[in-house]
Amino acid sequence: MSQTTLQEKTESDLSELSSWSLADNVIVVGIMLFSFFYCIALLTLLPFDQIQGGDAANIAGFAAGWDYPENFYGDGLLSNPDNFRFYATVHIPVLQFLAPLTGGYGSAFSSLLGLHVFLQSFGFYILGKLLFQNKYWAVLLVVLNLMPVWFNLGEFWGVYPNAIPRFSFQALLPFLLAAVYYWRLTPKAWPWVMAFAGLLVYAHPVSAPGWAFAVWLSLWLFLPKAYTLPRKVAYMGFIGLICTAVVLPFLIHYLANHEHGAVENQRQVYEIMKGRFLEGYLELPTAVKQFFLILHKKYLLVLSVIGSSITLVLHRSRRDVLLVLLWIVGLLIFNVCLPILGHTIAEMRGEIPAQIDLIRGIRYLPPLMLLFCIWPLAELSRRFGAHRFKVSAVGAILVATWVYWHPINFFPTAVSCWQQGHFQCLTDRIRYTAELVDALPGVVPPAAPILVAPSAVDTGLTIRYHSLRPVVYSPKDGGALAYANHAELLKWNEIRGQMALISQESNSENEFRMLSELSCDTDAQYLLAGKVSLAADAPPRLFPDSSYFGQLGLEEVYSNDHFSLLKLERYCLDRT
């Protein structure tokens, strides 16, 4: 590229960002309003201070475990900080800071949601303006990336109801990509870009390495022609080292607090992990095949291939298009090829794979594919100005179809609630859960372990972060223990097996005898059981009356229409 062309290209990018108009302000206000509406609609259906399960509740529990270690004696995970010390994202200190200000760890998470929705939307608007040099197509890019889409491996793209690390990373990702594109012709700025890429590991460690590699790989395209080959290699090595230096503190901490690699009971641990994690985590070729099959069914694969080909032909700079394509190549190398190679080597050596999460980085292929669905239309609109309205209409129809296929499902429910004159409409299950976790601190003393029965299993994590009380078993604990403590993982798996048997027991009196026995074996002092079946289509649950609990030596200390909390001390003494 000549010096004149380079200057024109830089000035074009500068002018698009510097020419901020009233229309841009209106668009940003619209993004703010949508972010606010999203949060209000969600909080219409969920209490502000609670998060019903999932990764957010797990992370909130980690923060509670650090702040109140004395409360979690006997907890299946939080009683030993070494079990979750490896988890060191920025979310932990942020929650610790916000919890006293917002009233709890759940409300701390909720308070971050609107910011996440806004940052992701605003970031993709900036990226769209740079790539398309057009506000209209930038807005369409924003809308495409808002819609929630689910894939295998438990992965998603689009806005999410909780400000979990994956959402935090994807909210910041468009700013990284915009920085790469904006400064692609300015090598002096690349060290800062790579430092930013490295810092994102503290938002989501699984996502950051693949993107750092993809960005680094793409910058090779724009090394000045005046550089000799040794100078090119040296400079790329230099900016790679900067990124590595930023990541290194996290990497050292993680490696010092994880338990992967060779273990004596490798096969048993491997089978437990295989059962605990979703299908594909330890069978990577299957996971990749399923993922691309989903992309094919959603027409993303074929549309993105066609779109990228058209864009390469129409765009004024092929290198700009190749830059984005190299992001895809980099992700495939780092998040598909390297994990498969690592798992293959580990299997040959009879070891547990050193990492099982990098494959999840393929979740970032869909947004790049969505980009190539509208980029050729933006180029056609620019090339054939006389027909730009027709091309714009095609883009609107394409985006509307995507929105129709992948709606934000809770919006209609929230609007229906408002139309009935209510500010909040909670399901019975959520309302009674809120009553339970609010009441527990007044009924259960700190450091008094609770066994949560299968009929109430979805409340266990909420009890930890909201009620600040220990829970001896949670299905989610296996994930953290698989990383940090294989000895405890084996114990957890034994309890999981017993809980599975209990969940299959049709006689409720036998069920409570089994639960009581397990409570004593795990040193639980309280037993929490659900009175209502978890499944909507399940038959009515036959729940024992208080006289039966008295016969067992159990004392009901709290009850509502959905839950019963029983004290077990006398039962365990009688059994002894």
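General observations
- Centre separation in Å (Cα based) which lies between segment 311-353 and segment 382-397: 33 Å
- Cα gyration tensor shape of segment 53-179, rounded if a/c is under 1.5, else prolate or oblate by comparing a/b with b/c: prolate
- Candidate aspartates and glutamates - alpha carbon under 19 Å from Lys390, same-chain residues fewer than 8 apart omitted: Glu379
- Across Lys129/Lys188; Lys297/Lys476; Lys476/Lys567; Lys531/Lys567, pairs whose alpha-carbon gap is larger than 19 Å: Lys129/Lys188; Lys297/Lys476; Lys476/Lys567
- Each peptide in 113-124, 141-152, 496-507 was scored by the mean count of other Cβ atoms within 10 Å over its residues; highest first, the order is 113-124, 141-152, 496-507.
- Anisotropy class of segment 387-488 from Cα gyration tensor, a/c 1.5 cut: oblate
- Value of [θ]222 nm, deg cm²/dmol, for the chain, DSSP H segments ≥ 4, -39500 (n - 2.57) each, nearest 500: -20000 deg cm²/dmol
- Order by protection proxy (mean Cβ within 10 Å, highest first), peptides 389-401, 477-489: 477-489, 389-401
- In order through segment 374-384: 3J(HN,Hα) via Karplus (6.51 cos²θ - 1.76 cosθ + 1.60), integer Hz, x for Gly, Pro: 10, 4, x, 5, 4, 5, 4, 4, 6, 6, 10
- Per residue value of the accessible surface for the chain (all protein chains in place, 1.4 Å probe), Å²: 43 Å²
- C-alpha long axis of helix 486-503 to longest principal axis of the chain, angle in °: 70 degrees
- Crossing angle, helix 229-256 versus the chain [Cα axis fit, 0-90 degrees, rounded to tens]: 10 degrees
- Cα long-axis angle, helix 165-182 against the chain (0 to 90 degrees, to the nearest 10): 10 degrees
- Measuring nothing but how far apart in sequence close Cα pairs (under 8 Å, 6+ apart) lie, relative to its length, the chain scores a relative contact order of 19 percent.
- Shape of segment 314-407, Cα gyration tensor, a/c cut at 1.5: oblate
- Bridge type composition, the chain - antiparallel percent by DSSP, nearest 5: 75 percent
- Rolling a 1.4 angstrom probe over the chain with all protein chains present gives an accessible area of which 64% lies on carbon and sulfur atoms.
- Backbone phi angles across segment 344-357, fed through the Karplus curve with coefficients 6.51, -1.76 and 1.60 (θ = phi - 60°), yield HN-Hα couplings of 5, 5, 4, 5, 5, 8, x, 10, 6, x, 5, 9, 10, 10 Hz in residue order; Gly and Pro are listed as x.
- Ordering of 456-467, 347-358, 74-85 by burial proxy (mean other Cβ atoms within 10 Å per residue, highest first): 456-467, 74-85, 347-358
- Cysteines in the chain that, by Cβ-Cβ distance, have no pairing candidate under 4.7 Å: Cys39, Cys243, Cys337, Cys373
The values are calculated or read from the model by the stated rules, or taken from the named source; none is laboratory data. Here the structure is a predicted model, which is why all the values come from computation and not from measurement. Counting neighbours? That spans all protein chains shown, and the Cβs are built from the backbone with ideal geometry, glycine included. Accessible surface areas use protein heavy atoms only, side chains included; no ligands, DNA or RNA. Shrake-Rupley method; radii C 1.70, N 1.55, O 1.52, S 1.80 Å.
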